[in-house]
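> Below you'll find the structure I mean.
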Amino acid sequence: MPEYPGSIVEAFLRSRERMPEKACILFYGDTCTYERLGREVERWAAALRRWGLQPGDRIALFLANSPTFAAAYLGIQLAGGIVVLVNTQYRQVELRHILGDAGVRLCITDAERKPELARVAADLPALEAVVWISPSSASASPSENDRILPPGILDCDSAAFLADGGSAPLDLPPSEAVALIGYTSGTTGRSKGAMLTHGNLAANSWAVTQAWRWTEADRLLLTLPLFHAHGLGVGLHGTLLVGSTIDLRRRFDAAEVYDTLLRGETTMFFGVPTMYTRLLAEARRRLAAGEPLPPPLRLYVSGSAPLSVQTFEEFERLFGQRILERYGMTETMMNLTNPYEGERRPGTVGMPFPGQEARIVDLQTRQPILDERPGEIQVRGPHVFKGYWRQPEATAAAFDAEGWFNTGDLGWRSADGYFTICGRIRELIISGGYNVYPREVEEVLQSHPDVAEVAVLGLPDPDLGEQVVAAVVPRVPGAPPSVDDLIAFCRDRLASFKKPRRIYFVESLPRNALGKVQKHLLRERLARQDFAVPAG
Ligand code: MCA
Ligand code: AMP
């Protein structure tokens, strides 16, 4: 049995004990040591318990990257709570669904995001408290914090919430308890909460750190958001587990990343493919201006969306380094990885991490396929989630009788064991590493008074991989609503990255005999621009 701890919080406390004065999180000139983070974690845990947190209560984090995110995250888990991750771009529709579905009792946010939360708070019967990070410890201005929460909901700034000190020793959470709920598409329907246990997270982080030879000497430059599996489950967890250092940023900025890499202190960078294409463009600009290339890193990793062979090869030509591509999901954290030593094969996602399994099954017979034919990728191991929150049927449908999880991704395996992803069973658009479920955008556009029918799909995009495109049938033929109006309508309700980049007005949608929209036909027509001028 591998020697990994029962939870990430336990792993963190072990690292703190081993090297209290080591830098854990660097954040724009501030150095948060393992000891300082540990004290903050204990303060959050004690304050949450004092407030009345019971083991298993859901506490949402609707918070941008900062050391406070890490402290609150670990504090909730140390207190026995379940963290619900919320993308900071989410707006009323997503907030209502996620916070409502998870029955969140308390939400930790920042002053900048509190007004959006206040718009939906009255629709969330389980919500009892909102704790917002005081502007002194976040970058938001107090004037943005102007919308009042409904009466009956505790509205508390973090300084007041954490006051009173006291850090009674708390037991570590059991490894089989749920640590975190991440909302994701599942294979069908509305976004579902994937329940990951402390054991799932620790097992996967252990596998990742082993496979990538991650040690306490590493310094990871992390510009990914901490509210998704990539930044959190790979970047932060790995750091805490091995006791290395994370150079955390609020967001990705190619020029800032390039400048940081030039300083030569970074050993690893993890990103989505869009970040790599932007980094390449930045490098070309710098080289043209006579600036140098950054020194080599120990490891560049790409994931969350397909890395094109072209980007892989250009990166190797320019930076002289072969990006390691891996494949993961919210339900499982990381599944497959190209080898650290050995061939990193472009266009593939490699093999299972240590201690985990993966295979391809035939879509009809559900029998394993051993040759190089495509089928559905299934995975099994200690990293695979417990199930969907309050969705026993969806959970049952996601696993087969032998405990294999159906990923909903299509792929094939080469004779020498490399997996290649070649499609998705579910309808999902991946734009710049963010998932967009067409149905969610369709539902919002459909509710616009001037829209009769709508279909949303993904088309190729050189920067984002895929872009969101909508075909709209206006309610009054020949009198479509304005594109700006439709986009503003989406942005008011959904995260801005879900808004269509292009909207085409059409007379009707192609449908089959059962009335289902034939998106493949629509995609072909839109790709050919077989319509009047795009209205966007
Ligand atoms: C931002 N915008 C986007 C996207 N990101 N539009 C489409 N797709 C996107 N991905 C929009 C904003 O809404 C805004 O629109 C405008 O672009 C500028 O926003 P800004 O924040 O400046 O964007 P950016 O800095 O250009 O962001 C691009 C990005 C970012 C750096 C690629 O999207 C990003 O950090 N992506 C990573 C997501 C991630 O962590 N995914 C992992 C999921 P407007 O101005 O109109 O409002 S976990 C996962 O998939 C599994 C587990 C796995 O395997 O990892
Ligand atoms: P999420 O639901 O946010 O966890 O997104 C997981 C999905 O991202 C997977 O099911 C894949 O479809 C996709 N994905 C993640 N990594 C890769 C990769 N390296 N190549 C292709 N698709 C990927």
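> Filter segment 326-381 down to residues that are of a type in the set (Asp, Glu) and assigned to a loop (DSSP other than H, G, I, E, B) and give me whichever is farthest from ligand 2 (Cβ to nearest atom).
The first filter runs over segment 326-381 and keeps only residues of a type in the set (Asp, Glu), leaving 331, 341, 343, 357, 362, 371-372, 376.
The next check asks that each one be assigned to a loop (DSSP other than H, G, I, E, B); those that pass are 331, 341, 343, 362, 371-372.
Details: Glu331: 7, Glu341: 20, Glu343: 16, Asp362: 19, Asp371: 22, Glu372: 18 Å.
Looking at the filtered set, the residue picked out is Asp371.
> Here is a follow-up. Mind listing whichever residues of segment 413-434 are in a loop (DSSP other than H, G, I, E, B), more than 10 Å from ligand 1 (Cβ to nearest atom) and among the small types (Gly, Ala, Ser)?
Matches in segment 413-434: Ser414, Ala415, Gly417.
> I would also like to ask the following. Taking the residues in segment 285-318 that are in a loop (DSSP other than H, G, I, E, B) and open to solvent by 60 Å² or more (accessible area, probe 1.4 Å) as candidates, determine which candidate is farthest from ligand 2 (Cβ to nearest atom).
Taking the candidates together, the pick is Gly290.
> Further, regarding this structure: When the residues of segment 260-284 are narrowed to those that are assigned to a helix (DSSP H, G or I) and within 16 Å of ligand 2 (Cβ to nearest atom), which ends up farthest from Met333 (Cα to Cα)? Lay out the reasoning, then the answer.
Step one: of segment 260-284, the residues assigned to a helix (DSSP H, G or I) are 260-262, 273-284.
Subset that is within 16 Å of ligand 2 (Cβ to nearest atom): 273-277.
Values: Pro273: 18, Thr274: 20, Met275: 20, Tyr276: 21, Thr277: 24 Å.
Within segment 260-284, the match that is farthest from Met333 (Cα to Cα) is Thr277.
> Filtering segment 405-441 down to residues that are modelled with pLDDT of 95 or more and among the acidic types (Asp, Glu), which residue is nearest to Arg326 (Cα to Cα)?
Asp409
> Please go through segment 323-336 and give me each residue that is touching a helix residue (DSSP H, G or I) at 6+ places or on another chain (Cβ under 7 Å) and either within 11 Å of ligand 1 (Cβ to nearest atom) or at pLDDT below 95 (or both), ordered by number. Quick ask: steps written out before the conclusion?
So the first thing to find is which residues in segment 323-336 are touching a helix residue (DSSP H, G or I) at 6+ places or on another chain (Cβ under 7 Å), and the list is 323, 328, 330, 333-334.
Once the filter is applied, which keeps residues that are touching a helix residue (DSSP H, G or I) at 6+ places or on another chain (Cβ under 7 Å) and either within 11 Å of ligand 1 (Cβ to nearest atom) or at pLDDT below 95 (or both), segment 323-336 yields Gly328, Thr330, Met333, Met334.
> While we're looking at this one, here's another question. When only residues in segment 282-322 that are within 16 Å of ligand 1 (Cβ to nearest atom) and not hydrophobic (A, V, I, L, M, F, W, C) count, which is farthest from Tyr434 (Cα to Cα)?
Within segment 282-322, the match that is farthest from Tyr434 (Cα to Cα) is Glu282.
> Then there is this: Does segment 384-407 hold any residues that are closer than 12 Å to Lys192 by Cβ and in contact (Cβ under 8 Å) with a residue 12 or more places away in the chain, and which are they? Spell out the reasoning first.
Taking segment 384-407 first, the residues closer than 12 Å to Lys192 by Cβ are 385, 387-395, 397-398.
Listed by number, the residues that qualify are Phe385, Gly387, Tyr388, Trp389, Arg390, Gln391, Ala394, Ala397, Ala398.
> Confirm whether Pro460 is assigned to a strand (DSSP E or B) and modelled with pLDDT under 95.
Working: assigned to a strand (DSSP E or B): yes; modelled with pLDDT under 95: yes.
For Pro460, the condition - assigned to a strand (DSSP E or B) and modelled with pLDDT under 95 - is met.
> Looking at (1) among the aliphatic types (A, V, I, L, M); (2) open to solvent by 60 Å² or more (accessible area, probe 1.4 Å); (3) within 24 Å of the chain's Cα centre (by Cα); (4) more than 30 Å from Arg326 (Cβ to Cβ), which one does Val476 not meet, given that it meets all the others?
(3)
> Follow-up. Filter segment 438-452 for residues that are acidic (Asp, Glu) and closer than 20 Å to Ala527 by Cα and give the result. Spell out how you get there, then give the answer.
Just the residues of segment 438-452 that are acidic (Asp, Glu), to begin with: 440, 442-443, 450.
Passing the criteria: only Glu442.
> Condition test on Ala64, is it small (Gly, Ala, Ser), open to solvent by 10 Å² or more (accessible area, probe 1.4 Å) and assigned to a helix (DSSP H, G or I)?
Working: small (Gly, Ala, Ser): yes; open to solvent by 10 Å² or more (accessible area, probe 1.4 Å): yes; assigned to a helix (DSSP H, G or I): no.
Judged against the criteria, Ala64 is not a match.
> Please tell me if Pro510 is under 27 Å from Glu94 (Cα atoms) and either open to solvent by less than 30 Å² (accessible area, probe 1.4 Å) or within 16 Å of ligand 1 (Cβ to nearest atom) (or both). Spell out the reasoning first.
Numbers: under 27 Å from Glu94 (Cα atoms): no; either open to solvent by less than 30 Å² (accessible area, probe 1.4 Å) or within 16 Å of ligand 1 (Cβ to nearest atom) (or both): yes.
So Pro510 fails the test.
> Another question about this same structure. If I ask for residues that are buried (at least 19 other Cβ atoms within 10 Å of the Cβ) and either part of a strand (DSSP E or B) or of a type in the set (Ser, Thr, Tyr) (or both), which ones from segment 435-457 would you list?
Within segment 435-457, Asn435, Val436, Tyr437, Val451, Val454, Ala455, Val456, Leu457 qualify.
Condition check ((1) within 23 Å of Ala203 (Cβ to Cβ); (2) touching a Ser or Thr at 6+ places or on another chain (Cβ under 8 Å)) across all residues:
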site	(1), (2)
Arg16	yes, no
Met19	no, no
Lys22	no, yes
Ile25	no, yes
Gly29	no, no
Thr33	no, no
Trp44	no, no
Arg50	no, no
Gln54	no, no
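> Let me ask something else. Hey, can you tell me all the residues within segment 486-524 that are in a helix (DSSP H, G or I) and either without any contact (Cβ under 8 Å) to a residue 12 or more places away in the chain or in contact with a Cys (Cβ under 9 Å, 6 or more places away or on another chain) (or both)? Outline the logic, then answer.
Let us first name the residues in segment 486-524 that are in a helix (DSSP H, G or I), namely 486-493, 496-498, 519-524.
Within segment 486-524, Ala488, Ser496, Lys498, His520, Leu521, Glu524 meet the criteria.
> If a residue must be in contact with a helix residue (DSSP H, G or I) (Cβ under 9 Å, 6 or more places away or on another chain) and at positive phi, how many such residues does segment 67-106 contain?
So the count comes out to 1.
> Starting from residues that are open to solvent by 50 Å² or more (accessible area, probe 1.4 Å) and under 27 Å from the mean Cα position of the chain (by Cα), keep the ones in segment 262-284 and report whichever is nearest to Val349 (Cα to Cα).
Here is the first cut: in segment 262-284, the ones open to solvent by 50 Å² or more (accessible area, probe 1.4 Å) are 262-263, 265, 278, 284.
Applying the additional criterion that residues be under 27 Å from the mean Cα position of the chain (by Cα) yields 265, 278.
On the way: Glu265: 28, Arg278: 21 Å.
Once the filter is applied, the top-ranked residue is Arg278.
> So, Arg491, is that one open to solvent by 70 Å² or more (accessible area, probe 1.4 Å), within 16 Å of ligand 1 (Cβ to nearest atom) and among the charged types (D, E, K, R) or not? Spell out how you get there, then give the answer.
On the way: open to solvent by 70 Å² or more (accessible area, probe 1.4 Å): yes; within 16 Å of ligand 1 (Cβ to nearest atom): yes; among the charged types (D, E, K, R): yes.
Judged against the criteria, Arg491 is a match.
> If the Cβ limit is 6 Å and pairs must be 6+ apart or interchain, which residue in segment 423-439 that is β-branched (Val, Ile, Thr) pairs with which residue that is part of a strand (DSSP E or B) and near ligand 2 (Cβ under 8 Å from one of its atoms)?
From residues that are β-branched (Val, Ile, Thr), the pairs are Ile425/Gly408.
> Hey, does segment 224-240 have a residue that's more than 15 Å from ligand 2 (Cβ to nearest atom) and surrounded by fewer than 23 Cβ atoms within 10 Å (Cβ to Cβ)?
no
> Tell me yes or no: at least one residue of segment 228-247 is outside any helix (DSSP H, G or I), touching a strand residue (DSSP E or B) at 6+ places or on another chain (Cβ under 6 Å) and over 26 Å from Ile181 (Cβ atoms). Steps first, please.
First, the residues of segment 228-247 that are outside any helix (DSSP H, G or I): 228, 243-247.
The next check asks that each one be touching a strand residue (DSSP E or B) at 6+ places or on another chain (Cβ under 6 Å); those that pass are 245-247.
Those still in the list that are over 26 Å from Ile181 (Cβ atoms) too: 245, 247.
Among the residues of segment 228-247, at least one is outside any helix (DSSP H, G or I), touching a strand residue (DSSP E or B) at 6+ places or on another chain (Cβ under 6 Å) and over 26 Å from Ile181 (Cβ atoms), which makes the answer yes.
The values are calculated or read from the model by the stated rules, or taken from the named source; none is laboratory data. The structure displayed is predicted, hence computed values, not measured ones. Methodologically, a virtual Cβ is constructed for each residue, glycine included, from the backbone with ideal geometry; neighbour enumeration extends over all protein chains shown. Heads up: the accessible areas ignore ligands, DNA and RNA and are worked out on the full protein's heavy atoms, side chains in. Shrake-Rupley method; radii C 1.70, N 1.55, O 1.52, S 1.80 Å.
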